[in-house]
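Peer 1: What follows is a single structure, and I will ask about it in a moment.
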Amino acid sequence: MSNQKSSLQPQNQARKQLLLFSTVILFFTTLIGAVITVHPGYLKQFVEQPALVGLIAAISSLAGLIFSLPIGTLSDREGRKPMLIVSFVLVSVVLLAFFINTRLYLLILLQIGFGVFMAPVWIVGEAFIKDISPTERRGEFRSFFGTFANAGLLIGPLIGGLLAGAFGIRSPYFFAAILLSAPLILVFGLKDGHSSTNKNQAVMDFLPVLKEFLQQSELKLLALCTVSLYFWYAVKWVFGPLYLLNLGYSFFIIGVWLAVSVLPFLLFQIPIGKLSDKIGKSKIIYIGFLIATISLLPLGFMNSISSLLATIFIISIGTAFAEPLIEARVTDIVPKERYGAYSGIFEFTKTLGLMLGPVGSSIFVYSFGISYSFIPAVAVFILTLALFVII
């Protein structure tokens, strides 16, 4: 009986830590979701052309791209919690600076700071979930965490749209900067899941880890899937609002559209995560990409809000199938002592997608118009599906 109790204690502790950290991320993504809903419109105040908005938006992703690999390795050496605390504080400062800034050159610097200081939250977050996930429940744990994260991205746009309509386009930045104190306080209750890791192995330079990564075909395929997903996410969050603004819709309607794009993650992530632990993750990832690719094709050529809402919902069903299972599958493959380093590598691929998405779509918008902003994401999804079948 005592042995049974002792075996249950680590599982109960892991569930408590999962719930606490998921709540931290819920607060964080709610506040960030409120900001990024209005961010394309905010950037448009500084430059008129939508194509330039996409290029400026890509600056933050480029900054995060540069720092993502060393951040992952650093979190293996120093622990997860200290990096989260520093990141929350610095993101809050940058958001407050966005609120008061009126100059283009300062905007560029703030975009860089936003990308650099946001990166540790996502990298350390994924590493922390890997740390605490039991082997047989990795899909379930990652899906639970992902559901909370996406709940924030559902609530945040609604809040951002309401605040922008009532108090002006800058108000969500002030709101988010002040209320980031809530997740910051909660972080102090976390127990660093990395504390039992062998630190002699953890201090490996990220270059040997990168070499190890490049030798594994499945990890490279999962990285490509990640680039594709985040390519689309960047296009959705940057050019989706600009497309709807061009159609004459308000910030509140934009917030609703973005919130609907997140709803499938709340509905499907946890059951899909549990199912994947039983039947395998790769099949569901492929099905998810297939659904998203087919439904994304007509998006830029719709005008009615009902068809726009229905289409973004179906696209997001596909991405909700794929995204959490990519991270869960990575956890299956990589060694525990290098979770942070691999989280850094996969954050690099996410940020690469977030950078390439606005840049690639900006070229199409400049050449053909705002309605063609989603076509590059379709092409990337088709390429990913083809390589998935081949490999």
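A short reminder: the numbers here are calculations on the coordinates, not readings from a lab. The shown structure was predicted, so the numbers you read here are calculated from the model rather than taken from an experiment. So basically every Cβ, Gly included, is an ideal-geometry build from the backbone, and we count neighbours across all protein chains shown.
Peer 1: Can you compute the modelled spin-label distance between Phe167 and Asn303, with each label point 7 Å from Cα toward Cβ, in nm?
Peer 2: Simple spin-label model gives 3.6 nm for this pair.
Peer 1: Here is a further query. For the range 204-302, rounded, prolate or oblate, judged on the Cα gyration tensor with a ≥ b ≥ c (square roots of eigenvalues), a/c < 1.5 rounded, else prolate if a/b > b/c?
Peer 2: Verdict is prolate for the range 204-302.
Peer 1: Within the set Lys130/Lys236; Lys281/Lys336; Lys130/Lys283; Lys130/Lys211; Lys274/Lys336; Lys278/Lys336, which residue pairs have Cα atoms separated by over 24 Å?
Peer 2: Beyond 24 Å: Lys130/Lys236.
Peer 1: Sticking with this structure for a sec: Helix 104-132 versus the longest principal axis of the chain: what is the Cα-based angle in degrees, 0 to 90, to the nearest 10?
Peer 2: Relative to the chain, helix 104-132 is tipped by roughly 30 degrees.
Peer 1: So what is the 222 nm mean residue ellipticity for the chain from helices alone, if each DSSP H run of at least 4 adds -39500 (n - 2.57) and you divide by all residues, rounding to the nearest 500 deg cm²/dmol? Intermediate values should be presented prior to the final figure.
Peer 2: Values: 15 runs with 330 residues, N = 391.
One gets -29500 deg cm²/dmol as the mean residue ellipticity at 222 nm.
Peer 1: So how tilted is helix 2-44 from the main axis of the chain? Cα-based, degrees 0 to 90, rounded to 10.
Peer 2: It works out to around 20 degrees.
Peer 1: If you don't mind, there's one more thing I want to ask. Treat every Asp and Glu Cβ in the chain as -1 and every Lys and Arg Cβ as +1, leave all other atoms uncharged, and give the resulting dipole magnitude about the Cα centre to the nearest 20 debye.
Peer 2: 500
Peer 1: Starting from the amide H of Arg80, placed 1.01 Å from N in the peptide plane, find each other amide H under 5 Å away whose residue is 5 or more places distant or on another chain.
Peer 2: The answer is His194.
Peer 1: Then there is this: Let a ≥ b ≥ c be the square roots of the eigenvalues of the Cα gyration tensor of the range 267-350; is it rounded (a/c under 1.5), or, if not, prolate (a/b larger than b/c) or oblate?
Peer 2: prolate
Peer 1: Going by a ≥ b ≥ c, the root eigenvalues of the Cα gyration tensor, does the range 251-391 fall in the rounded group (a/c under 1.5), the prolate group (a/b larger than b/c) or the oblate group?
Peer 2: Prolate shape, in that a/c is at least 1.5 and a/b is the bigger ratio.
Peer 1: Need the C-alpha centroid separation for the range 119-171 versus the range 233-259, integer Å.
Peer 2: 19
Peer 1: Moving on. Mind ranking 171-179, 98-106, 13-21 by how tightly packed they are, going by the mean number of other C-beta atoms within 10 angstrom, highest first?
Peer 2: For the peptides 171-179, 98-106, 13-21, the packing ranking is 171-179, 13-21, 98-106.
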